[in-house]
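See below for the structure under consideration.
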Amino acid sequence: MEIETVRAAYARRAGEYIARLGSIDATALADQDLINAWGRSVHGPVLDVGCGPGHWASFLNQTGVKVTGIDPVPEFIDDARARFPDVAFRVGRAEALDVYDASVGGILAWYSLIHTDPSQLTAVFGEFARVLRPGGSILVGFFAGVDLTRFDHAVTTAYFWPPHMLSAVIEDAGFSVIASHTRTDPGRAHGDVKAHRLRW
């Protein structure tokens, strides 16, 4: 979907989203364990791309990770800055991160690309590859499915991705996929992919 459509949809429901999902207490323990272990393995600064109300960025910061949260929704960024003043947050977009080449150790994209049209994901992962140091890592969370299909997400249209198909898009952008998992949680079929930036 177009970024402005997604931004506007989340802006309209930002307060509701923050109240319901904007706390680490609302997240799955399995997600916390995975993101904690990934964050501890990253060397260098981390970007939480599509950080929403900032709870995952704060979680990583509390484990000692130097992290910046980036989101296109100003309402989320304002709330994150107020609730987590010890973490850096700014408005920005996944496809235009506005950081130097090879300057980042890791990128977390946790359910933040679920609304991105599949035709646009190559550009997003290309931007991730640009800003990551060789050997840097990405961790992507998404809705897993048997087929690549659209569905009516509570906020706006989103996509189910077969893990092998998303892994192929990631590898085509210059990464090596090192782990991929799926599981079924209440209300969602979860998938995650971890990949390393190939050396030039």
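The values are calculated or read from the model by the stated rules, or taken from the named source; none is laboratory data. Just so it is clear, the model here is predicted, and its values are computed rather than measured. As a convention, Cβ positions derive from the backbone with ideal geometry for all residues, glycine included, and neighbour counts pool all protein chains shown. Ligands, DNA and RNA are excluded from the accessible area calculation, which covers all protein heavy atoms including side chains. Shrake-Rupley method; radii C 1.70, N 1.55, O 1.52, S 1.80 Å.
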Answer label for mean projected area of the Cα convex hull in nm² (calculated), chosen among (i) 9.8; (ii) 11.2; (iii) 14.7: (i)
Rounded percent of accessible protein surface that carbon and sulfur make up, segment 3-197, 1.4 Å probe: 52 percent
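Around Gly145, under 15 Å between beta carbons, what's the net of Lys plus Arg minus Asp minus Glu among the other residues?
On the way: positive: Arg150, Arg183, Arg188; negative: Asp147, Asp152, Asp185, Asp192.
Local net charge: -1.
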Length gained when the stretch Val146-Arg81 is fully extended (0.36 nm per residue, less Cα-Cα span): 19.6 nm
Tensor-based shape of segment 67-160 (alpha-carbon gyration tensor, a/c under 1.5 rounded, otherwise prolate or oblate): oblate
Centre separation in Å (Cα based) which lies between segment 8-68 and segment 80-117: 10 Å
Modelled FRET efficiency - R0 22 Å, Thr157 with Leu21, Cβ distances, 0.05 increments: 0.75
Most positive-pole-ward Cα, Ala88, Gln62, Ala129, against dipole of segment 3-197 from beta carbon charges: Gln62
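Dipole magnitude of segment 3-197 about its Cα centre, charges +1 at Lys/Arg Cβ and -1 at Asp/Glu Cβ only, in debye to the nearest 20?
Working: 17 positive and 22 negative charges, 52 e Å.
I would put it at about 260 debye.
If you restrict to DSSP beta bridges whose two residues both lie in segment 3-197, what percentage is antiparallel, to the nearest 5? It would help to have the intermediate numbers written out before the result.
Values: 21 of 40 bridges.
The answer is about 50 percent antiparallel.
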Overall Cα dimensions of segment 90-130 - principal axes, largest extent first, Å: 26, 19, 17
Spin-label model distance (nm) - Arg183 vs Tyr100, 7 Å beyond Cα toward Cβ: 3.9 nm
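Please calculate how many Å² of accessible area the chain carries per residue, with a 1.4 Å probe and no DNA, RNA or ligand atoms counted.
Values: 9280 Å² over 200 residues.
Normalised by residue count, the accessible surface of the chain is 46 Å².
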